[in-house]
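Working notes, beginning with the structure itself.
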Amino acid sequence: MVYLQKALARNPRVDFLVELVQMVSGLLLVVFLWTHMLFVAAIWLGVGAFNALAHFMDQYRLLPATVVFLVLVFCAHIGAVIRRVPRQWQEQKIVWRHAKLIRHADTWSWLFQAVTGAAILALAIVHMAVVSYAGINAGLSSMRVHDGFLAFYAALLLLSEYHASVGLYRVFVKWGWVRRSSLKRVLGAISVLTVAIGAITLGIFYSLGAQA
């Protein structure tokens with residue numbers, strides 16, 4: 001463990017800036033996740049409402065701006081995370097051995113967060129590429145969900161919400177803003193609500209695709 005601590009040691013000032021970048025970029029991504037969820041849930045109001053919102057984004061070129069924003073924030077977040085995550089195989093083995101030894105829930109959640117982060121990055125790249133190329137409207141979205149992307153979007157939903165929930169938990173606990181027990185209950189309720197909204201939305205798109 002001493003070896004790992006030495007390997008990860010950094011200049012305190014630089015380390016603080018990296019921590020700040022990771023926290024701010026992570027919070028921005030969580031806000032985007034929830035905003036995006038509400039945007040997609042416009043399909044609850046009907047095809048016309050969803051297409052009107054999509055047309056508004058297209059009219060003011062908000063989709064390209066959003067993609068640029070996400071790329072910049074993703075790069076900042078990944079850069080900060082990579083600096084703090086063990087990169088060498090020997091260091092990774094020490095971390096896994098340490099996690100198995102202490103059997104602490106927060107340690108395992110951090111490890112799973114790192115794994116889900118890599119998966120989310122791959123899925124998000126595919127999602128942004130497809131949406132940027134094909135565009136956004138209810139017909140296209142429903143066809144994608146019905147014709148093979150249902151599992152893809154379900155996985156992205158679950159992984160993103162888990163990653164966001166653990167990230168928020170770590171930020172609030174690290175800075176001592178709230179009690180852990182209360183925070184877990186609140187974040188658990190938010191996760192259930194978010195996944196429920198996403199699942200219902202996917203169900204609506206799937207049914208629309210089946211009717212097409």
In nanometres, the difference between 0.36 nm per residue of separation and the alpha-carbon distance of Lys174 and Ala199 is 5.9 nm
Extension length gain for Ala212 and Asn137 (0.36 nm per residue less Cα distance), in nm, is 25.6 nm
If Glu161, Glu19 are placed from fewest to most neighbouring beta carbons inside 10 Å, the sequence is Glu19, Glu161
Mean Cβ-within-10 Å packing, highest first, puts peptides 73-82, 146-155 in the order 73-82, 146-155
From the Cα centre of the range 132-203 to that of the range 10-62, the distance in Å is 12 Å
Whole-Hz Karplus couplings 3J(HN,Hα) for the range 64-69, θ = phi - 60° and coefficients 6.51, -1.76, 1.60, Gly and Pro as x, run x, 5, 5, 4, 4, 4
So the FRET efficiency between Phe112 and Gln59, C-beta based with R0 = 30 Å and rounded to 0.05, is 0.15
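Readers should treat all values here as calculations from the given coordinates under stated rules, not as data from a laboratory. Treat the numbers as computed from the prediction; the structure is a model and nothing was measured. Cβ sites come from the backbone with ideal geometry, for glycine too, and all protein chains shown count toward neighbours.
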